[in-house]
Amino acid sequence: MDLRQMEYLVTLADEQQFTRAAAVCGVSQSGLSAAIRSLEDELGTTLFNRTTRRVEPTEAGLALLPHARTMLAQAGAARDAVLRATHELSGSLRVGAEQCLGFVDVSALLERVRRRYPLVDLDFTQAGSLDLVAGVRDGSIDIAFVAAGDHLTRVRRTELGRRPVVLLAPPQHPLAALDAVDWADLRETDFVDFQDSWAVRSLNDEMCAAHGVTRRVGCTVNDVHTLLDLVQRGLGVALVPQHVAAKPQAAGLAVRPLPASAPPWVVSVVTGESSPASASLLLELLDAELALSA
């Protein structure tokens, strides 16, 4: 047994399909299949039941899985220990973040990484949370700061904080005259909202649908400041995390609480199952920053 076979075993068990597992591992389907067969021959037992629709671990495969995950985790920890001992951390660190998360200053965090580890090649991407989580899962992003509450399989997640979602309305809008809004008040209202890849859009869609609110989203944006500008100009109301309503660009807008049944907006940092040492060090810097601000 070797680490490559353990990686293939874990990925195939997670994906339950050779094609997807091969894509995640960055190998050909035939190469992954041959490695699994070789492992089965070595152990003298079948590790997966194969059908035309899916691949599922046998009892033997399920027994091996926790040991395989432990081996991969220990190998990663060993690599990290060597890198830390040399004090010459290098390589690349691919970081992603959704805009205006509020609980972490990603730009300042990247600056500290650059100052402390000048040999690390930083690659930063700003995108919607769902796209970023997908990047962490497929290995194209090492660590991401997101507001996604689902689609979090095969990633490690640490919650950073949560805030309520509130309604923003231009002062002349009928909803601005209310002290608080009920779900029925939101029906047949024009909304400004983010693109589908933003976690808050999914949260808003699911929240409203659960309470019988059919929304008209007339303006779809990919930037917080554009959203606030469109609301200021009377093109719709918006459902946003509470800290967005406190931005200077939101001055003059009516801010109204939603009913208590509204779910919170949750910010987390996510990493892959085999993140590089540089991602671990960034998390250590983040822990130190949060401890100082607590």
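Laboratory data are not the source of any read-out in this text; all were calculated from the coordinates shown. In this text the structure is predicted, and so the values were computed from the model without any measurement. Neighbour counts are summed over all protein chains in view; Cβ atoms, including those assigned to glycine, are modelled from backbone coordinates with ideal geometry.
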query: Taking all pairs of different Cα atoms in the chain, averaging 1/r and flipping that mean, what Kirkwood radius in angstroms comes out?
result: 21.7 Å
field: Rotationally averaged projected area of the stretch 3-84 (alpha carbon convex hull; nm²)
entry: 5.5 nm²
Cα gyration tensor category, rounded, prolate or oblate, for the stretch 165-263 with a/c compared to 1.5: rounded
For the chain, calculated [θ]222 nm from helices alone, where every DSSP H run of n ≥ 4 adds -39500 (n - 2.57): -13500 deg cm²/dmol
message: Going 7 Å from the Cα of Asp179 along its beta-carbon direction, which residues of the stretch 230-258 have the amide nitrogen within less than 13 Å of the resulting point?
response: 257
query: If you take the beta carbon distance between Leu62 and Arg157 as r and set R0 to 30 Å, what does 1/(1 + (r/R0)^6) give as a FRET efficiency, to the nearest 0.05?
result: 0.80
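Taking GluC sites (Glu not before Pro) that fall in a DSSP loop and have at most 12 other Cβ atoms within 10 Å as cut points, what is the longest piece of the chain between them?
Maximal segment without exposed cleavage sites: 189-294.
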message: Give me, ordered by chain and number, the residues 5 or more places off Ala254 or on other chains with an amide H under 5 Å from its own placed amide H.
response: Ala169
- prompt: In debye, nearest 20: dipole of the stretch 165-263 around its Cα centre with unit charges on the Cβ of K, R (+) and D, E (-)?
  reply: 140 debye
- prompt: What does the charge add up to near Arg54, with Lys and Arg as +1, Asp and Glu as -1, over the other residues with Cβ less than 14 Å from its Cβ?
  reply: 0
- prompt: On full extension of the chain, what length is gained from Met1 through Ala75, given 0.36 nm per residue of separation minus the C-alpha to C-alpha distance?
  reply: 25.3 nm
